[in-house]
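Beneath this line is the structure, given in structure tokens, with notes to follow.
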Amino acid sequence: MSVPIKSNLAATDPVKIAYSNEYSPLFLKFCSLVCIIKNKKMNMANIFLCVLKEQELRDVFKSLCEVDSDYEALKCFLDYDPTLHRSKYIRNYLQENPVLNIT
């Protein structure tokens with residue numbers, strides 16, 4: 001199949017459409033929850049950093065969005081915003097903690 005046909009089929013896939021319609025609001029609600037818990041307005045990089053640091057937040061995200069592993073949970077953030085790796089705060093945290101307890 002040619003690429004335009006594949007992209008048209010992928011765009012009209014009812015399973016993919018249903019998943020994105022359910023997942024996006026859950027993801028944004030979780031980000032709002034983190035802002036409420038931390039009692040401050042946060043950007044996506046700071047929310048991602050909180051999820052990196054705190055196992056409890058990762059567990060809440062995994063149960064809310066039905067993700068199985070910590071790796072998949074963090075990958076969801078990078079899929080949502082691929083520029084997160086450019087944040088100096090995230091880079092510094094990862095350099096200071098080269099081995100994370102992410103399984």
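Just so it is clear, none of the values below were taken in a lab; they were calculated from the coordinates. Given the structure is predicted, the values throughout are model-derived calculations rather than measurements. Virtual Cβ from ideal backbone geometry, glycine too; neighbours counted across all protein chains shown.
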**Request:** Report the extension gain between Arg91 and Asn43 in nm, rounded to one decimal, defined as 0.36 nm multiplied by the number of residues separating them, less their alpha carbon distance.
**Result:** 15.7 nm
**Complete:** In debye to the nearest 20, the charge dipole size for the chain, taken about the Cα centre with +1 at each Lys and Arg Cβ and -1 at each Asp and Glu Cβ, equals 480
**Prompt:** From the residues Phe27, Thr12, His85, which one has its Cα farthest along the dipole of the chain in the positive direction, the dipole being from +1 and -1 charges on Cβ of Lys/Arg and Asp/Glu about the Cα centre?
**Reply:** His85
**Request:** For helix 44-53, report the angle its Cα long axis makes with the longest principal axis of the Cα atoms of the chain; keep it between 0 and 90° and round to the nearest 10°.
**Result:** 60
**Under 16 Å, Cα to Cα: Lys pairs in the chain, sequence gap 8 or more or different chains** = 10
**Asked** Where does each of 81-88, 69-76 land if you order them by average Cβ count within 10 Å, highest first?
**Response** 69-76, 81-88
**Request:** For Ser20 and Asp59, compute 0.36 nm times the residue count separating them, minus their Cα-Cα distance, and round to one decimal in nm.
**Result:** 11.9 nm
